[in-house]
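Following: one structure in C-alpha coordinates, then a few remarks.
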(Lines give C-alpha, C1' and ligand atoms only; values in the text may rest on other atoms or scores of the structure.)
Protein backbone atom coordinates (compact mmCIF):
# COMPACT_ATOMS: atom_id res chain seq x y z
CA UNK A 1 0.00 0.00 0.00
CA UNK A 2 1.28 3.48 -0.78
CA UNK A 3 -0.12 6.82 0.27
CA UNK A 4 -1.22 8.99 -2.64
CA UNK A 5 -3.35 11.67 -0.96
CA UNK A 6 -3.82 12.93 2.56
CA UNK A 7 -6.23 10.57 4.31
CA UNK A 8 -6.52 8.22 1.32
CA UNK A 9 -4.72 5.11 0.17
CA UNK A 10 -4.16 3.06 -2.94
CA UNK A 11 -3.92 -0.71 -3.31
CA UNK A 12 -2.99 -2.92 -6.23
CA UNK A 13 -6.69 -3.63 -6.70
CA UNK A 14 -8.54 -2.46 -9.80
CA UNK A 15 -11.29 -1.18 -7.51
CA UNK A 16 -11.64 2.48 -6.53
CA UNK A 17 -12.38 3.16 -2.85
CA UNK A 18 -12.96 6.30 -0.79
CA UNK A 19 -14.15 6.66 2.80
CA UNK A 20 -14.79 9.66 5.01
CA UNK A 21 -15.85 9.66 8.67
CA UNK A 22 -17.77 12.58 10.19
CA UNK A 23 -20.08 13.33 13.09
CA UNK A 24 -23.83 12.89 12.74
CA UNK A 25 -24.21 16.67 12.96
CA UNK A 26 -21.80 17.19 10.05
CA UNK A 27 -23.65 14.51 8.07
CA UNK A 28 -26.95 16.30 8.64
CA UNK A 29 -25.41 19.59 7.44
CA UNK A 30 -24.02 17.80 4.36
CA UNK A 31 -27.46 16.38 3.54
CA UNK A 32 -29.07 19.80 4.08
CA UNK A 33 -26.65 21.56 1.70
CA UNK A 34 -24.64 23.44 4.34
CA UNK A 35 -21.42 21.42 3.80
CA UNK A 36 -19.63 20.11 0.72
CA UNK A 37 -17.53 16.96 0.37
CA UNK A 38 -13.94 17.67 -0.67
CA UNK A 39 -13.07 14.52 -2.63
CA UNK A 40 -9.38 15.41 -2.79
CA UNK A 41 -8.94 15.68 0.99
CA UNK A 42 -11.75 13.28 1.93
CA UNK A 43 -13.52 15.63 4.33
CA UNK A 44 -16.53 17.91 4.62
CA UNK A 45 -15.98 21.66 4.21
CA UNK A 46 -18.15 24.76 4.61
CA UNK A 47 -17.62 26.25 1.16
CA UNK A 48 -15.78 25.64 -2.08
CA UNK A 49 -12.57 27.69 -2.28
CA UNK A 50 -13.02 30.34 -4.96
CA UNK A 51 -9.82 29.38 -6.81
CA UNK A 52 -10.38 25.63 -6.95
CA UNK A 53 -11.75 23.29 -9.61
CA UNK A 54 -15.34 22.60 -8.60
CA UNK A 55 -15.13 19.03 -9.96
CA UNK A 56 -13.42 18.01 -6.69
CA UNK A 57 -16.32 19.20 -4.50
CA UNK A 58 -19.70 17.54 -4.13
CA UNK A 59 -23.06 18.36 -2.61
CA UNK A 60 -24.89 15.46 -0.98
CA UNK A 61 -26.97 14.98 -4.14
CA UNK A 62 -23.87 15.09 -6.36
CA UNK A 63 -22.16 12.50 -4.17
CA UNK A 64 -25.23 10.25 -4.01
CA UNK A 65 -25.59 10.31 -7.82
CA UNK A 66 -21.94 9.69 -8.79
CA UNK A 67 -21.69 7.93 -12.14
CA UNK A 68 -19.83 4.61 -12.25
CA UNK A 69 -19.60 4.25 -8.45
CA UNK A 70 -21.65 2.72 -5.68
CA UNK A 71 -22.06 5.08 -2.72
CA UNK A 72 -22.47 3.88 0.84
CA UNK A 73 -23.19 5.34 4.26
CA UNK A 74 -23.06 3.64 7.65
CA UNK A 75 -24.20 5.15 10.92
CA UNK A 76 -22.49 4.08 14.16
CA UNK A 77 -22.66 4.96 17.83
CA UNK A 78 -19.27 5.08 19.51
CA UNK A 79 -18.46 4.77 23.21
CA UNK A 80 -19.76 7.82 25.03
CA UNK A 81 -22.82 8.10 22.78
CA UNK A 82 -20.94 9.78 19.95
CA UNK A 83 -22.78 9.30 16.65
CA UNK A 84 -20.59 9.06 13.55
CA UNK A 85 -21.21 8.37 9.88
CA UNK A 86 -18.79 6.59 7.56
CA UNK A 87 -19.50 7.28 3.90
CA UNK A 88 -17.77 6.93 0.57
CA UNK A 89 -17.86 5.10 -2.70
CA UNK A 90 -16.45 2.07 -4.47
CA UNK A 91 -16.38 0.73 -7.98
CA UNK A 92 -14.20 -0.20 -10.91
CA UNK A 93 -12.04 2.47 -12.47
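Considering only residues that are assigned to a loop (DSSP other than H, G, I, E, B), at negative phi and out of contact with any strand residue (DSSP E or B) (no Cβ under 7 Å at 6 or more places or on another chain), which ones fall in region 19-46?
Selection gives 32, 34, 41, 46.
Take the conditions farther than 15 Å from residue 39 by Cβ and modelled with pLDDT of 90 or more and apply them to residue 61. Does it pass? Show your work before the answer.
On the way: farther than 15 Å from residue 39 by Cβ: no; modelled with pLDDT of 90 or more: yes.
Taking the combined requirement at face value, the residue does not satisfy it.
So, in region 13-30, of the ones that are modelled with pLDDT of 85 or more and more than 18 Å from residue 72 (Cβ to Cβ), which residue ends up surrounded by the most Cβ atoms within 10 Å (Cβ to Cβ)?
The qualifying residue surrounded by the most Cβ atoms within 10 Å (Cβ to Cβ) is 29.
Take the residues of region 31-47 that are over 10 Å from the mean Cα position of the chain (by Cα) and surrounded by 15 or more Cβ atoms within 10 Å (Cβ to Cβ): which is farthest from residue 74 (Cα to Cα)? Walk me through how you get there before you give the answer.
Here is the first cut: in region 31-47, the ones over 10 Å from the mean Cα position of the chain (by Cα) are 31-35, 45-47.
Now drop any that are not surrounded by 15 or more Cβ atoms within 10 Å (Cβ to Cβ), which leaves 31, 35.
Numbers: 31: 14, 35: 18 Å.
Here the answer is 35.
Under 9 Å by Cβ, and 6 or more places apart or on different chains, what pairs join a residue from region 65-93 that is in contact (Cβ under 8 Å) with a residue 40 or more places away in the chain and on the phi < 0 side of the Ramachandran plot with one that is surrounded by fewer than 14 Cβ atoms within 10 Å (Cβ to Cβ) and assigned to a loop (DSSP other than H, G, I, E, B)?
What qualifies is 92/14; 92/68; 93/14; 93/68.
For region 49-74, what are the residues that are touching a helix residue (DSSP H, G or I) at 6+ places or on another chain (Cβ under 7 Å) and either assigned to a helix (DSSP H, G or I) or over 13 Å from residue 91 (Cβ atoms) (or both)?
Initially, region 49-74 is screened for residues touching a helix residue (DSSP H, G or I) at 6+ places or on another chain (Cβ under 7 Å), giving 60, 71.
Result: 60, single match.
When you check residue 52 against the structure, is it exposed (fewer than 14 other Cβ atoms within 10 Å of the Cβ) and at pLDDT 90 or above, yes or no? Show your work before the answer.
On the way: exposed (fewer than 14 other Cβ atoms within 10 Å of the Cβ): yes; at pLDDT 90 or above: no.
Criteria not met by residue 52.
The values are calculated or read from the model by the stated rules, or taken from the named source; none is laboratory data. If you're wondering where the values come from, they're calculated on a predicted model, not measured in any experiment. Positions of Cβ are generated from backbone atoms using ideal geometry, with glycine treated the same way; all protein chains shown enter the neighbour counts.
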